[in-house]
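The structure appears below as structure tokens.
The values are calculated or read from the model by the stated rules, or taken from the named source; none is laboratory data. Computed from a prediction, not measured in an experiment: that's the story for all the values here. Using ideal geometry, Cβ is built from the backbone for each residue, glycine included, and neighbour counts are taken over all protein chains shown. Accessible surface areas use protein heavy atoms only, side chains included; no ligands, DNA or RNA. Shrake-Rupley method; radii C 1.70, N 1.55, O 1.52, S 1.80 Å.
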Number of protein chains: 2
Amino acid sequence: MKKRLLLVSNSTLHGSGYLDHCQQHISHFFGKDVKRVLFVPYALHDRDAYTKAARDKFKTLGYEVDGIHEASDPVDAVRKAEGIFIGGGNTFRLLKSLYDNKVVTEIRRRVIEDGVPYMGSSAGTNVATVSINTTNDMPIVYPPSFSAIGLVPFNINPHYLDPDPTSRHMGESREQRITQYHEEAETPRVLALREGSLLLVEADKATLLGTTGARLFTRGKTAVEYEPGSDLSFLLTH
Amino acid sequence: MKKRLLLVSNSTLHGSGYLDHCQQHISHFFGKDVKRVLFVPYALHDRDAYTKAARDKFKTLGYEVDGIHEASDPVDAVRKAEGIFIGGGNTFRLLKSLYDNKVVTEIRRRVIEDGVPYMGSSAGTNVATVSINTTNDMPIVYPPSFSAIGLVPFNINPHYLDPDPTSRHMGESREQRITQYHEEAETPRVLALREGSLLLVEADKATLLGTTGARLFTRGKTAVEYEPGSDLSFLLTH
Ligand SMILES: [Ca+2]
Ligand SMILES: [Ca+2]
């Protein structure tokens with residue numbers, strides 16, 4: 001089967017509604033064969049309210065949504081899913097819940113072996129990669145590992161922010177943080193997706209979509225800028 | 001012995017040099033009895049360069065600096081320290097190195113039992129608290145626990161930033177992040193120190209110093225603002 005991923009930087013773009021900025025990509029991605037999407041709301045505390053928001057939005061695109069927390073057996077819900085969407089929120093809370101509910105391996109298997117389409121937004125994009133080492137979130141809970149679902153052989157930094165030369169704040173810029181990550185041995189590449197960017201993966205082809213472009217950080221090399229529409233398929237080979 | 005802590009939000013304030021903004025507090029804190037300060041540079045990759053920067057600055061204040069990584073036995077270095085300063089950088093890297101070098105317990109013992117003065121800046125302030133759950137840093141390495149040295153019974157968020165109503169960025173504000181932390185059960189209070197703020201603890205007395213104030217977040221309650229000079233001793237009781 002062909003692996004299919006839609007990895008979105010952010011669910012809401014300033015001045016528009018939930019998932020509005022990428023809704024055409026969502027419709028095209030899940031297509032006409034998928035009728036029901038399994039939604040994973042683990043990244044936010046109020047799973048019911050979060051599922052309602054996803055359900056309302058997906059309804060307008062012609063899809064039914066099932067919340068994974070509504071199923072008596074979450075692994076079985078993954079086993080039966082036609083499509084999977086993991087929403088954003090706190091990446092640590094999300095990954096810990098994925099492990100607590102023992103669905104990491106089954107999601108990987110369904111996407112890789114069965115070709116179930118996987119959409120992630122923000123934290124849901126982080127957990128699709130090698131590890132959550134390049135999340136922006138606060139570590140509010142301690143997951144059993146930072147290793148994630150591993151659907152691609154690189155990491156992503158969502159909500160990427162360019163350095164602000166006018167800032168008086170002395171916390172590290174995003175670029176400095178990713179550079180610190182790459183000071184560690186054998187760390188994978190980091191694709192930094194600005195808000196408004198998304199990555200489409202179909203089998204061995206990866207394409208940068210959206211409007212804002214991305215920046216690729218590779219350990220020991222200078223960062224490289226990519227325009228929307230760029231072919232990033234080389235990222236899928238190690 | 002009296003526990004003595006100087007917990008600084010940030011080592012460098014915009015427009016001034018390393019530790020300039022709090023140098024009078026540092027001199028007053030270590031006083032005339034301390035001659036040598038044990039510096040812990042674990043939060044940055046280049047420990048030698050970092051130790052040189054701390055050494056150069058402390059020299060101007062009349063103190064010698066020993067880098068803990070220069071000692072053949074780091075636990076023994078802690079055992080002999082007259083004063084301890086843990087610098088900022090990446091909090092995950094710092095805490096992992098503290099555990100890797102087995103100095104967490106010995107630092108706690110020296111500060112609590114022997115009254116050795118402890119100064120922390122940024123990440124070095126995070127690790128002095130209950131846990132690193134409220135750091136702002138990127139989780140570039142996986143420490144064996146988020147539990148920290150535990151010199152105070154609350155957490156700190158250094159480099160605190162007030163929400164920016166003009167921002168178009170959709171990542172969580174600092175306030176939202178801390179609120180998400182407090183959605184988790186039994187989470188301690190979080191003292192959010194703006195850049196330019198620091199907390200002095202002497203036995204059972206805690207005083208907010210600096211120029212910019214702090215905001216205290218308590219689970220299930222409205223956040224409370226504190227002006228410089230405030231007596232925060234109540235934070236030291238559970
Ligand atoms: Ca987030
Ligand atoms: Ca830092």
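Cβ-Cβ contacts under 7 Å between residues 6 or more apart (or on different chains), taken from a first residue in region B:136-163 that is more than 8 Å from chain A (Cβ to nearest Cβ) to a second residue that is assigned to a loop (DSSP other than H, G, I, E, B) and surrounded by fewer than 17 Cβ atoms within 10 Å (Cβ to Cβ), are listed as B:Pro153/B:His238; B:Pro163/B:Ser173. When the residues of region B:47-91 are narrowed to those that are of a type in the set (S, T, N, Q) and surrounded by fewer than 21 Cβ atoms within 10 Å (Cβ to Cβ), which ends up nearest to the other protein chains (Cβ to nearest Cβ)? Restricting to residues being of a type in the set (S, T, N, Q) and surrounded by fewer than 21 Cβ atoms within 10 Å (Cβ to Cβ), the top hit is B:Thr60. Does region A:142-157 hold any residues that are open to solvent by less than 20 Å² (accessible area, probe 1.4 Å) and in a loop (DSSP other than H, G, I, E, B), and which are they? Within region A:142-157, A:Pro143, A:Phe146, A:Ala148, A:Ile149, A:Leu151, A:Val152, A:Phe154 meet the criteria. Per the listing B:Ala49, B:Ala53, the residue uniquely part of a helix (DSSP H, G or I), free of Cβ contacts under 8 Å to residues at least 12 places away in the same chain and away from ligand 1 (no atom under 16 Å from the Cβ) is B:Ala49. Filter region A:93-128 for residues that are polar (S, T, N, Q) and without any contact (Cβ under 8 Å) to a residue 40 or more places away in the chain; which is surrounded by the fewest Cβ atoms within 10 Å (Cβ to Cβ)? The extreme case among them is A:Thr105. Among the residues of region A:1-22, those that are open to solvent by 10 Å² or more (accessible area, probe 1.4 Å) and either under 24 Å from A:His69 (Cβ atoms) or basic (Lys, Arg) (or both) comprise A:Lys2, A:Lys3, A:Arg4, A:Ser11, A:Thr12, A:Gly17, A:Tyr18.
Entry remark, region A:74-104: residues being in a helix (DSSP H, G or I), aliphatic (A, V, I, L, M) and within 18 Å of the chain's Cα centre (by Cα) number 5 in total. Residue check: A:Ser145 meets all listed conditions (1) at pLDDT 95 or above; (2) within 16 Å of ligand 2 (Cβ to nearest atom) but one, namely (2).
The residue list A:Glu183, A:Glu202, A:Glu172 contains one member that is out of contact with any helix residue (DSSP H, G or I) (no Cβ under 8 Å at 6 or more places or on another chain) and over 18 Å from A:Leu5 (Cβ atoms), which is A:Glu183. Of all the criteria given as (1) surrounded by fewer than 22 Cβ atoms within 10 Å (Cβ to Cβ); (2) part of a loop (DSSP other than H, G, I, E, B), the one not satisfied by A:Met138 is (1). Counting the residues of region B:164-182 that are crowded, with 16+ Cβ neighbours inside 10 Å and either facing chain A (nearest Cβ under 10 Å) or of a type outside the set (D, E, K, R) (or both) gives 10. Within the set A:Leu98, A:Leu38, the sole residue that is within 16 Å of ligand 1 (Cβ to nearest atom) and either at positive phi or modelled with pLDDT of 95 or more (or both) turns out to be A:Leu98.
Out of curiosity, is B:Ser131 within 13 Å of another protein chain (Cβ to nearest Cβ) and open to solvent by less than 40 Å² (accessible area, probe 1.4 Å)?
yes
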